1. Return the residues of the stretch 103-123 that are among the aromatic types (Phe, Trp, Tyr) and open to solvent by 40 Å² or more (accessible area, probe 1.4 Å); say none if nothing qualifies.
2. So His100 fits all but one of (1) within 15 Å of the ligand (Cβ to nearest atom); (2) open to solvent by less than 60 Å² (accessible area, probe 1.4 Å); (3) assigned to a helix (DSSP H, G or I); what number is the exception?
3. Which one of the conditions (1) under 20 Å from Pro36 (Cβ atoms); (2) open to solvent by 90 Å² or more (accessible area, probe 1.4 Å); (3) free of Cβ contacts under 8 Å to residues at least 24 places away in the same chain does Glu126 fail to meet, given that it meets all the rest?
4. Of all residues in the stretch 79-90 being more than 10 Å from the ligand (Cβ to nearest atom) and part of a loop (DSSP other than H, G, I, E, B), which is most open to solvent (accessible area, probe 1.4 Å)?
5. Just to be sure, is Glu59 touching a residue at least 12 places away in the same chain (Cβ under 8 Å), open to solvent by 90 Å² or more (accessible area, probe 1.4 Å) and either more than 16 Å from the ligand (Cβ to nearest atom) or under 18 Å from Asn35 (Cβ atoms) (or both)?
6. Name every residue in the stretch 14-53 that is more than 15 Å from the ligand (Cβ to nearest atom) and open to solvent by 70 Å² or more (accessible area, probe 1.4 Å), in order of residue number.
7. Yes or no: Ser93 within 27 Å of Arg142 (Cβ to Cβ), more than 14 Å from the ligand (Cβ to nearest atom), polar (S, T, N, Q) and free of Cβ contacts under 8 Å to residues at least 12 places away in the same chain?
8. Which ones in the stretch 34-47 are under 11 Å from Phe103 (Cβ atoms) and either of a type outside the set (S, T, N, Q) or part of a loop (DSSP other than H, G, I, E, B) (or both)?
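The values are calculated or read from the model by the stated rules, or taken from the named source; none is laboratory data. The structure displayed is predicted, hence computed values, not measured ones. Positions of Cβ are backbone-derived with ideal geometry, glycine not excepted, and every protein chain shown enters the neighbour counts. Remember, those area values only see protein heavy atoms, side chains included, never the ligands or the DNA or RNA. Shrake-Rupley method; radii C 1.70, N 1.55, O 1.52, S 1.80 Å.
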Amino acid sequence: MTNSKETIFDKILAGTIPCHRVYEDAEVLAFLDVNPISFGHTLVIPKQRAAFLHELSEESAAAIGRVLPRICRAVMQATGAKAYNVLQNNGASAHQAVFHVHFHVIPRLADSGLGIDWTPTVLAPEIAAELVEKIRASLAER
Ligand code: 5GP
């Protein structure tokens with residue numbers, strides 16, 4: 001367990017505040033978002049208390065990875081959506097409001113879904129080379 005503070009999702013996990021639960025196993029809980037941005041907006045969370053994805057244990061990450069496609073399929077089937085986004089925010093400046101790791105499953109419907117402000121640039125080869133070296137070095141440390 002990481003050292004993050006208690007959040008509203010701990011209360012949901014403990015059952016002290018209610019949720020519309022769609023899935024639960026020993027390591028994962030999934031429930032409907034209380035303020036959905038589209039019909040079927042669902043949250044998938046680890047039971048491990050961790051604020052950010054990079055703090056999650058491999059076990060919790062694997063548990064989420066195992067069930068996420070199944071939950072996406074079920075949400076698609078239940079809502080009739082043919083497309084969806086999986087969103088996972090880390091840090092207040094990256095739009096994270098609840099500091100307990102969560103994956104949003106957001107159906108894309110005709111009139112609702114995730115709005116994405118995405119401005120592509122061009123990756124310069126010299127910047128890429130330096131960056132790859134740094135990331136590989138960091139990965140080799142752990
Ligand atoms: P974030 O911006 O942190 O990625 O998203 C947090 C999400 O949690 C929001 O979509 C918000 O509506 C949802 N949320 C916050 N509090 C509750 C709650 O008490 N119950 C449920 N079901 N969802 C919540």
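1. Filtering the stretch 103-123 down to residues among the aromatic types (Phe, Trp, Tyr) leaves 103, 118.
Answer for the stretch 103-123, where residues must be among the aromatic types (Phe, Trp, Tyr) and open to solvent by 40 Å² or more (accessible area, probe 1.4 Å): just Trp118.
2. Every listed condition holds for His100 apart from (3).
3. Going through the list (1) under 20 Å from Pro36 (Cβ atoms); (2) open to solvent by 90 Å² or more (accessible area, probe 1.4 Å); (3) free of Cβ contacts under 8 Å to residues at least 24 places away in the same chain, Glu126 breaks only (1).
4. Here is the first cut: in the stretch 79-90, the ones more than 10 Å from the ligand (Cβ to nearest atom) are 79-86.
Narrowing the set further to residues that are part of a loop (DSSP other than H, G, I, E, B) leaves 80-82.
Numbers: Gly80: 43, Ala81: 6, Lys82: 177 Å².
The selected residue is Lys82.
5. Values: touching a residue at least 12 places away in the same chain (Cβ under 8 Å): yes; open to solvent by 90 Å² or more (accessible area, probe 1.4 Å): yes; either more than 16 Å from the ligand (Cβ to nearest atom) or under 18 Å from Asn35 (Cβ atoms) (or both): yes.
Spelling it out, Glu59 is indeed touching a residue at least 12 places away in the same chain (Cβ under 8 Å), open to solvent by 90 Å² or more (accessible area, probe 1.4 Å) and either more than 16 Å from the ligand (Cβ to nearest atom) or under 18 Å from Asn35 (Cβ atoms) (or both).
6. Ala26
7. Details: within 27 Å of Arg142 (Cβ to Cβ): yes; more than 14 Å from the ligand (Cβ to nearest atom): no; polar (S, T, N, Q): yes; free of Cβ contacts under 8 Å to residues at least 12 places away in the same chain: yes.
Answer is no for this residue.
8. Residues of the stretch 34-47 under 11 Å from Phe103 (Cβ atoms): 42-46.
Of everything in the stretch 34-47, those that are under 11 Å from Phe103 (Cβ atoms) and either of a type outside the set (S, T, N, Q) or part of a loop (DSSP other than H, G, I, E, B) (or both) turn out to be Leu43, Val44, Ile45, Pro46.
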